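Here is the structure we will look at, set down as structure tokens.
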Amino acid sequence: MTQGAGQEPVVRTATLRDFRVPPYAQTPVPPQAQGAPPSSVPPHTTDPHPPAPGAPVPPTAASAPPHTAAPPRAPHPGNAVVGDEQPEGYTPTERDLPVIRRGDTVQVQTVAEPRSDEGRGPLFVVGDVHGYLDELLAALGEQGLIDAEGNWAAGNARLWFLGDFTDRGPDGIGVIDLVMRLSAEAAAAGGYCKALMGNHELLLIGAKRFADTPVNSGAGTATFQAAWLLNGGQKADMDRLQDVHLQWMSRLDAVVEEDGHLLMHSDTTAYLDYGSSIEDVNDTITAILTRNDADECWDLFRKLTKRFAFRDEGGSQAVRELLATYGGQRVVHGHSPIPYLLGEVGTEEGDDSSGPVVNGPHVYADGLAIAMDGGVTMAGKLLVVQLPLHD
């Protein structure tokens with residue numbers, strides 16, 4: 001990227017702990033949303049999606065290699081396994097992963113470009129938020145996308161959220177409300193703020209629509225309600241969930257292409273099951289949600305929960321298959337936290353000495369994939385970055 005004469009590049013490497021949360025980020029959280037979830041709610045998971053205790057595990061993404069189970073150890077705060085078996089719908093977390101060499105994934109720094117006052121503005125993407133509204137406000141403010149009052153301040157900039165707005169964090173509905181409001185404000189300013197469908201949107205929609213209705217999981221009885229609770233569903237979010245939120249989530253696209261970047265939530269090739277073009281995929285998924293069939297919605301949720309398709313041997317080929325089908329030069333995704341892609345261990349206690357170190361996105365799969373989930377649920381970083389990245 002070419003900088004102006006005498007202009008030093010601005011390097012975004014600080015974590016959220018390195019700067020004070022601005023006043024606008026001090027958003028009140030409903031009392032019932034503060035602290036840990038009620039004792040009746042199972043522990044949070046790092047995106048396993050189990051429907052029912054004790055159900056057997058189906059195969060995960062085809063790219064996940066066989067590996068030897070790690071010795072027994074204290075469970076990670078982000079993991080929940082019922083009994084001795086992993087429930088149906090579970091996808092690997094840090095305790096299941098093989099050791100990943102540091103050189104396999106590249107941590108990159110992002111350099112801010114001057115915003116253009118004419119034509120299309122700069123492109124930004126946001127990783128998984130999971131209800132962490134204060135951290136989101138701070139990260140958007142750091143990039144100059146919102147002002148001190150939390151209003152759109154980026155003119156004709158383009159902002160894409162990669163999905164997973166709720167669950168685990170204290171204020172998922174507050175996050176959705178913010179994104180909906182910024183969408184209107186950005187459009188009025190000549191830019192836009194848009195969002196993609198994440199697996200947790202599917203999970204929340206299913207929990208609201210189908211609750212404890214049994215679904216055909218292929219491995220015994222499952223329900224959306226059980227899976228939602230086991231994956232960090234917050235009662236405060238469900239209590240505040242309105243029809244307008246459900247309608248908004250149900251109409252979200254699953255895949256888009258922007259400036260050569262193929263944006264999607266999950267690092268999986270399962271999108272190929274829903275169409276051979278971006279338009280086909282989005283239309284098919286919208287139609288599934290419109291039909292309101294519990295089994296069909298569960299199958300969609302299960303497929304978009306798969307992960308790690310781009311990480312191991314054959315990962316770059318999986319990315320190339322998606323790019324050849326849908327277009328673009330790089331895939332940009334959330335879903336799989338960067339610390340798990342690296343085989344790191346983090347905590348949810350915010351302990352700097354043991355938390356994962358995430359300074360920015362990670363480029364991997366021969367430079368064809370960019371991971372954007374900084375692991376905010378485990379004291380990592382909520383990432384808001386400008387594309388393209390320049391390694």
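The values are calculated or read from the model by the stated rules, or taken from the named source; none is laboratory data. Owing to the predicted nature of the structure, the values given are computational and were not obtained by experimental measurement. Because the Cβ atoms are built from the backbone with ideal geometry, glycine has one as well, and the counts that use them run over all protein chains shown. Heavy atoms of the whole protein, side chains included, go into the accessibility calculation; ligands, DNA and RNA do not. Shrake-Rupley method; radii C 1.70, N 1.55, O 1.52, S 1.80 Å.
In the range 250-391 the Cα-Cα distances spread across 10 Å bins starting at 0 as 12, 39, 33, 15, 2 percent of all pairs.
For a paramagnetic label modelled on Asn151 (point 7 Å from Cα along Cα→Cβ), amide N atoms under 20 Å away belong, within the range 177-203, to 177-194. Computed with every protein chain present, the accessible area of Asp134 is close to 50 Å² [probe 1.4 Å].
Accessible surface area normalised per residue over the range 133-220 is 28 Å², counting heavy atoms of protein chains with a 1.4 Å rolling probe.
For the range 239-380, the solvent-accessible area of protein heavy atoms averages 35 Å² per residue (probe radius 1.4 Å; ligands and nucleic acids excluded). When Leu123, Leu229 are compared by accessible surface with a 1.4 Å probe, the order from highest to lowest is Leu229, Leu123. The listed residues Lys306, Lys194, once ranked by accessible area (1.4 Å probe) with the largest placed first, stand as Lys194, Lys306. Sorting 317-324, 175-182 by their mean Cβ neighbour count within 10 Å, with the most densely packed peptide first, gives 175-182, 317-324.
In the context of the full protein assembly, Trp152 retains an accessible surface of approximately 30 Å², using a probe radius of 1.4 Å and ignoring ligands and nucleic acids. The calculated FRET efficiency for Glu279 paired with Glu185, based on their beta-carbon distance and R0 = 30 Å, is about 0.65.
Eigen-decomposition of the gyration tensor built on the alpha-carbon atoms of the range 158-258 gives equivalent ellipsoid semi-axes of 27, 15, 11 angstrom, largest listed first. Under 5 Å from the amide H of Leu145 lies no amide H of any residue 5 or more positions distant or on a separate chain, with H modelled from the backbone and absent for Pro and chain starts. Among residues other than Gly174 with Cβ under 10 Å from its Cβ, the summed charge is -3 (Lys and Arg +1, Asp and Glu -1).
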